[in-house]
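Quick one: this structure, given as structure tokens, is what I'll be asking you about.
The values are calculated or read from the model by the stated rules, or taken from the named source; none is laboratory data. As the structure is a computational prediction, the values presented were derived from the model and not from experiment. Cβ placement follows ideal geometry from the backbone for every residue including glycine, while neighbour counts extend to all protein chains displayed.
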Amino acid sequence: MRITSHAAHAILAPNQAIEAQYLKAGISDKKLSLIYPPCETETLDAHKDGNAFTIVCDGETGIEYGLGMIMRAVRDAQDILGNIRLVIGGTITDRGRIEWLAKELGLSDSLKLVPARGYDWIAQGDVFLFMRNGSGQIPLSLAHALAYGKPIITNDALNHREFVVHRKNGILLKDANSDMLSQALINFGRKPEWLAELGRESAQFAAERFSPDAVRKKIEALIP
């Protein structure tokens, strides 16, 4: 990595984890450009249950790394809001444990698992949740959630701030726990106008940072 990188004019890093690897290898930050893969602005009209407040999240995050917190927060928010549906999609790593915890929390009837390689499952949500305890690569579902115009609730971490501006297109929770997350969900559920406003900002954010045209311009700017 170090030999080939020193010979390069510019290096594109698709996420902060890769960028950090280059920096640890002694590569100058002047050569590095953090450019996420392009993401088309999505216009898919998905079937939504108009009576349910639908929460979507990526199943790639395991129970112990944040998904368990999400499920407990949904249970608590459901006690206040009533009809909540939880959709867990993408690469579902802990299906057995998810189904067991859903049964323990009384969420079995509210849970929908959507194993998928794509991201169409995001379209049916009202809000996208991403919680991660510890470091790790950011999933592409986060950028797709923006492209679908979904408000995002996530824990406050440096790399999460690249996708969420607090109270502009979502919520960043400091020292996140299930109580804080459930309260954020309740606030969203009670304020549909605010939810819609944040969603519009997410779509605009995606168009400015992750659209193919925006990514192309960033790459062209690096060409000497």
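Which residue, of Gly106, Gly125, Gly170, Gly189, is in the same structural domain as Met71 (by TED's automatic domain parsing), over 21 Å from Thr61 (Cβ atoms), surrounded by 14 or more Cβ atoms within 10 Å (Cβ to Cβ) and of a type outside the set (Lys, Arg)?
None of the other options fit; the residue is Gly189.
Restricting attention to segment 162-175, does a residue exist that is under 18 Å from Met69 (Cβ atoms) and more than 14 Å from the chain's Cα centre (by Cα)? Please lay out each step first, then the result.
Start the filter on segment 162-175 by keeping residues that are under 18 Å from Met69 (Cβ atoms), which leaves 164, 170-175.
Now restrict to residues that are more than 14 Å from the chain's Cα centre (by Cα): 174-175.
Checked against the condition, which is being under 18 Å from Met69 (Cβ atoms) and more than 14 Å from the chain's Cα centre (by Cα), segment 162-175 yields at least one hit.
Here's another thing I want to ask about it. Assigned by TED's automatic domain parsing to the domain that holds Glu60 and surrounded by fewer than 19 Cβ atoms within 10 Å (Cβ to Cβ): does that describe Trp100?
Numbers: assigned by TED's automatic domain parsing to the domain that holds Glu60: yes; surrounded by fewer than 19 Cβ atoms within 10 Å (Cβ to Cβ): yes.
Taking the combined requirement at face value, the residue satisfies it.
On to the next question. Being in contact with a Ser or Thr (Cβ under 9 Å, 6 or more places away or on another chain) and of a type outside the set (Gly, Ala, Ser) is the requirement here; does Val87 meet it? Steps first, please.
Details: in contact with a Ser or Thr (Cβ under 9 Å, 6 or more places away or on another chain): yes; of a type outside the set (Gly, Ala, Ser): yes.
In short, yes.
Condition first: in a loop (DSSP other than H, G, I, E, B) and within 27 Å of Ala157 (Cα to Cα). Now tell me which residues in segment 66-120 satisfy that. It would help to see each step written out before you state the result.
Restricting attention to segment 66-120, the residues satisfying the condition of being in a loop (DSSP other than H, G, I, E, B) are 66, 82-83, 91-94, 106-110, 116-119.
Gly66, Thr91, Ile92, Thr93, Asp94, Ala116, Arg117, Gly118, Tyr119, listed by residue number.
With the requirement that a residue be of a type in the set (D, E, K, R) and either farther than 16 Å from Ser178 by Cα or crowded, with 19+ Cβ neighbours inside 10 Å (or both), what does segment 74-97 give you? So that I can check it myself, show each step before the final result.
Pass one, segment 74-97, residues of a type in the set (D, E, K, R): 75-76, 79, 85, 94-95, 97.
Arg75, Arg85, Asp94, Arg95, Arg97 - these are the residues of segment 74-97 that are of a type in the set (D, E, K, R) and either farther than 16 Å from Ser178 by Cα or crowded, with 19+ Cβ neighbours inside 10 Å (or both).
Please pick out the residue among Asp120, Asp126 that is closer than 14 Å to Val87 by Cα and at pLDDT below 95.
Of Asp120, Asp126, the one residue that is closer than 14 Å to Val87 by Cα and at pLDDT below 95 is Asp120.
Okay, residues lined up against (1) at negative phi; (2) of a type outside the set (Asp, Glu); (3) in contact with a Pro (Cβ under 7 Å, 6 or more places away or on another chain):
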| site | (1), (2), (3) |
| --- | --- |
| Ile186 | yes, yes, no |
| Gly189 | yes, yes, no |
| Leu198 | yes, yes, yes |
| Glu201 | yes, no, no |
| Phe205 | yes, yes, no |
| Ser211 | yes, yes, yes |
| Val215 | yes, yes, yes |
| Lys218 | yes, yes, no |
| Ala221 | yes, yes, no |
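So which residues in segment 65-116 are farther than 17 Å from Leu185 by Cα and in contact (Cβ under 8 Å) with a residue 60 or more places away in the chain?
Residue satisfying the conditions is Tyr65 alone.
Still on this structure: How about segment 157-167: which of its residues are modelled with pLDDT of 95 or more and surrounded by fewer than 18 Cβ atoms within 10 Å (Cβ to Cβ)?
Once the filter is applied, which keeps residues that are modelled with pLDDT of 95 or more and surrounded by fewer than 18 Cβ atoms within 10 Å (Cβ to Cβ), segment 157-167 yields Val165, His166, Arg167.
Here is a further query. If you check Leu146 against the conditions, is it of a type outside the set (Val, Ile, Thr) and surrounded by fewer than 23 Cβ atoms within 10 Å (Cβ to Cβ)?
Judged against the criteria, Leu146 is not a match.
Ok, one more. Would you pick out the residues in segment 51-66 that are surrounded by 19 or more Cβ atoms within 10 Å (Cβ to Cβ) and more than 22 Å from Leu195 (Cβ to Cβ)?
Gly59, Glu60, Thr61
Restricting to segment 134-166, name every residue that is among the charged types (D, E, K, R) and in contact (Cβ under 8 Å) with a residue 12 or more places away in the chain.
Lys150, Asp156, Glu162
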